[in-house]
1. Say whether the condition of being among the hydroxyl-bearing types (Ser, Thr, Tyr), in a loop (DSSP other than H, G, I, E, B) and without any contact (Cβ under 8 Å) to a residue 40 or more places away in the chain is met by at least one residue in region 713-720.
2. Considering region 167-220 alone, what residues qualify as being of a type in the set (Asp, Glu) and more than 30 Å from residue 132 (Cα to Cα)?
3. Condition test on residue 550, is it free of Cβ contacts under 8 Å to residues at least 60 places away in the same chain, small (Gly, Ala, Ser) and surrounded by 16 or more Cβ atoms within 10 Å (Cβ to Cβ)?
4. Sort out which residues of region 203-212 are open to solvent by 10 Å² or more (accessible area, probe 1.4 Å) and either touching a helix residue (DSSP H, G or I) at 6+ places or on another chain (Cβ under 7 Å) or closer than 20 Å to residue 185 by Cβ (or both), and write them in order of number.
5. Give the number of residues within region 49-75 that are of a type in the set (Asp, Glu) and part of a loop (DSSP other than H, G, I, E, B).
6. Residue 261 - would you say it is open to solvent by less than 60 Å² (accessible area, probe 1.4 Å), farther than 15 Å from residue 208 by Cα, at pLDDT 85 or above and in a loop (DSSP other than H, G, I, E, B)?
7. Quick check on region 21-48: of everything there that is aliphatic (A, V, I, L, M) and assigned to a loop (DSSP other than H, G, I, E, B), which residue is modelled with the lowest pLDDT?
8. Return the only residue of 518, 540 being open to solvent by 10 Å² or more (accessible area, probe 1.4 Å), of a type in the set (Val, Ile, Thr) and within 23 Å of residue 604 (Cα to Cα).
Amino acid sequence: MADSAGIQQGSPAIGAAGLVPAAPGAGGTEGSGAAGGSARIAVKKAQLRSSPRPKKLEKLGVYSSCKAEGACKCNGWKSQNPPPTPPRTDQQSNAVNLQEPCRSCSHTLGDHVTHLENVSEEEMNRLLGIVLDVEYLYTCVHKEEDADTKQVYFSLFKLLRKSILQMGKPMLEASESPPFEKPSIEQGVNNFVQYKFSHLPSKERQTIMELAKMFLNQINYWQLETPSQRRQRVPNDDAVGYKSNYTRWLCYCNVPQFCDSLPRYETTQIFGRTLLRSVFTVMRKQLLEQARQEKDKLPPEKRTLILTHFPKFLSMLEEEVYSHSSPIWSQDFLAAASGGQIPMHTVISAPPVPRPLYYSTSPVSLDPSICGSVSPARKTASVLEPNTNTVGEKRKPSDPLPHEENKRPRVVGDIPMDLINEVMATITDPAAIPETSLLSAHSARDEAARLEERRGVIEFHVIGNSLNQKPNKRILMWLVGLQNVFSHQLPRMPKEYITRLVFDPKHKTLSLIKDGRVIGGICFRMFPSQGFTEIVFCAVTSNEQVKGYGTHLMNHLKEYHIKHEILNFLTYADEYAIGYFKKQGFSKDIKVPKAKYVGYIKDYEGATLMGCELNPSIPYTEFSVIIKKQKEIIKKLIERKQAQIRKVYPGLSCFKEGVRQIPIESIPGIRETGWKPAGKGKELKDPDQLYSTLKTILQHVKSHQNAWPFMEPVKKTEAPGYYQVIRFPMGIRAFQGSERLKSRYYTTRKLFMADMQRIFTNCREYNPPESEYYKCANLLEKFFYTKIKEAGLIEK
């Protein structure tokens with residue numbers, strides 16, 4: 001049994017349709033029948049394998065072709081006197097006579113099983129297992145009503161029948177073999193946990209992992225709807241793609257749960273985002289409905305976990321599943337960057353044992369008090385549950401990368417990954433890094449607010465009025481509270497004007513709620529067609545100021561707009577507000593073309609127009625935490641570097657011998673300090689001249705006798721584990737293969753030199769110093785810098 005990193009997987013829930021593997025032919029959603037069917041097959045196999053050898057030969061003879069002389073074409077022995085009804089398995093059957101003739105070809109049973117005379121007991125038991133799977137699939141073919149499912153059952157029936165005749169192992173013949181999509185669902189969920197919750201303390205993160213395990217369990221034992229059922233429910237869906245995945249799921253995941261002669265894979269390990277998208281909505285609805293119906297049956301210690309935190313976990317995951325640019329589905333996602341993953345099994349061939357929804361594979365017991373406070377980070381994003389009486393818009397976690405072009409890989413540089421991971425493990429350990437005092441000069445402005453949000457003291461909700469829905473009392477109370485806060489904090493603004501905009505259906509307000517009452521908010525109007533949002537009012541009640549609420553409010557608003565793909569804010573700020581907006585990234589340099597906002601935004605006398613351009617790569621609500629971690633990483637790396645260079649070198653004696661000067665790089669220990677040649681040189685301003693110079697240098701490098709190892713991409717077969725060690729490979733071919741030169745990508749010499757330097761750095765990182773590749777890298781690097789100097793790009 002193979003192992004790989006990830007979240008352990010357990011077993012499914014019992015109760016609602018779709019939660020348990022239905023036995024083939026059992027109608028698709030009858031969980032109890034499914035589990036019973038699997039158990040009955042296992043019992044039959046055990047009984048048959050314990051039978052006398054002649055009885056086994058009789059069973060195998062039915063599916064074995066005749067081996068008698070004369071080229072008999074009979075493909076299975078048939079008894080002359082079959083019993084009128086199937087014999088009971090608990091009764092001792094009559095002795096088998098190998099001389100009994102076949103009803104089809106008249107040859108004896110012995111002629112059908114001569115090839116089994118010298119077969120071991122183990123091999124015979126394996127073939128008998130396939131026989132019972134064949135009989136079970138034969139029944140399924142006749143019972144199944146869905147044409148697509150019936151066709152798959154029949155194909156598997158023929159495959160197993162052929163395996164018995166040829167005494168081989170059943171091998172599914174397909175254009176693709178598992179896994180069918182990368183990253184898998186399992187890896188995507190692991191990435192999701194790392195991406196959204198790596199900042200949480202270890203106990204809270206453990207609870208998140210429990211939720212992830214439960215979710216993966218459900219998918220592994222989820223009963224997919226047939227293609228015809230899906231066509232009726234979702235007429236405009238990709239029917240061909242779903243049918244392909246459904247067929248694969250039947251062959252590799254569902255049927256092997258009952259026919260264990262076929263190799264079985266976990267659904268979450270061979271399928272990816274495409275299948276998850278096709279089942280997530282229905283699955284989430286049924287899971288939550290089942291949890292509500294069975295809440296009284298849940299163990300007390302699991303009740304909070306399942307009823308409170310699991311729905312929020314699913315909501316956050318749903319956002320990443322359906323987002324077109326979520327980073328968790330990128331194969332470049334470094335899931336290990338924020339800590340380790342939990343081991344899980346890759347291929348499971350044993351029949352499953354259904355367990356309830358709250359079954360946990362983790363030996364760690366969960367403290368209910370921890371469960372109650374586990375999701376402050378998710379509380380920050382949760383808002384009013386949408387219903388017919390609520391006009392509050394559900395505030396979900398934002399997508400930090402809504403545009404594909406912004407998904408840039410993390411540059412590792414020349415620092416070894418094992419060192420990075422070691423430092424990360426140090427700084428993510430709560431015991432290893434002291435908490436910054438909230439009164440410290442180094443504390444982030446929003447740190448206190450973020451901690452309060454995490455503890456559930458404050459909440460953020462995007463709300464607004466509506467003319468076509470029944471008003472919600474709580475929403476209206478909050479809107480009145482916002483009107484009071486804005487009126488009190490903005491005394492020069494007419495109250496009637498504030499009231500009109502706050503209650504205007506075209507405006508929304510991000511409200512800050514503490515102890516059930518409004519203490520601040522930002523009123524805004526979105527102009528999606530123009531690509532910007534106007535911020536109308538922004539205020540926090542006077543007795544709650546200087547706590548970082550204003551900064552945290554703006555950060556939430558930024559993430560909300562990144563999710564909606566609006567990346568520009570405009571606002572008119574009076575003289576008292578200019579300082580605040582500057583701290584939030586606003587400036588008087590407006591990036592939005594004037595034609596886009598003239599006639600849309602409200603003009604105010606005596607106020608200054610300010611704008612802010614959002615960066616979709618930044619998770620604004622966690623930005624200060626990220627910066628803090630980065631500072632700690634740099635600090636730890638500096639400390640390690642200082643420890644390494646404390647070695648004392650002997651003094652220079654060459655000057656006593658008459659030497660007047662020496663190159664700086666020849667001083668012992670100078671390079672260990674991190675010193676590098678200044679590399680100053682002229683920067684070519686003319687793009688054509690720069691292109692011509694770089695092209696000439698590249699031609700010289702390609703022609704060098706030591707360039708051969710770097711001309712083609714490294715093959716995985718030739719260098720095992722290369723792409724795990726080298727995260728960002730680079731080769732000479734990439735300079736022209738990607739047309740970087742032709743497209744004028746290299747606007748400066750430094751970009752060109754950085755790419756070339758990565759070739760040499762990667763080579764030395766992967767290969768040992770005594771290897772030929774390592775030596776080639778050194779020689780080619782020396783030649784490259786010689787050519788750079790000759791071209792005048794750096795000083796000689």
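The values are calculated or read from the model by the stated rules, or taken from the named source; none is laboratory data. Quick caveat: nothing in here was measured; it's all calculated off a predicted structure. Cβ atoms come from the backbone with ideal geometry, glycine included; neighbour counts cover every protein chain shown. Only protein heavy atoms, including side chains, enter the accessible area calculation; ligands, DNA and RNA are left aside. Shrake-Rupley method; radii C 1.70, N 1.55, O 1.52, S 1.80 Å.
1. yes
2. The first filter runs over region 167-220 and keeps only residues of a type in the set (Asp, Glu), leaving 173, 176, 181, 186, 204, 210.
Selection gives 181, 186, 204, 210.
3. Details: free of Cβ contacts under 8 Å to residues at least 60 places away in the same chain: yes; small (Gly, Ala, Ser): yes; surrounded by 16 or more Cβ atoms within 10 Å (Cβ to Cβ): yes.
Judged against the criteria, residue 550 is a match.
4. To start, the set of residues in region 203-212 that are open to solvent by 10 Å² or more (accessible area, probe 1.4 Å) comprises 203-206, 209.
Selection gives 203, 204, 205, 209.
5. Restricting attention to region 49-75, the residues satisfying the condition of being of a type in the set (Asp, Glu) are 58, 69.
With the extra rule that they be part of a loop (DSSP other than H, G, I, E, B), the set shrinks to 69.
Qualifying residue count for the region: 1.
6. Numbers: open to solvent by less than 60 Å² (accessible area, probe 1.4 Å): yes; farther than 15 Å from residue 208 by Cα: yes; at pLDDT 85 or above: yes; in a loop (DSSP other than H, G, I, E, B): yes.
Yes: the conditions hold for residue 261.
7. As a first pass, look at region 21-48 and keep what is aliphatic (A, V, I, L, M): 22-23, 26, 34-35, 39, 41-43, 46, 48.
Now restrict to residues that are assigned to a loop (DSSP other than H, G, I, E, B): 22-23, 26.
Working: 22: 47, 23: 50, 26: 40.
That would be 26.
8. Details: 518 fails: within 23 Å of residue 604 (Cα to Cα).
Being open to solvent by 10 Å² or more (accessible area, probe 1.4 Å), of a type in the set (Val, Ile, Thr) and within 23 Å of residue 604 (Cα to Cα) holds for just one of 518, 540, which is 540.
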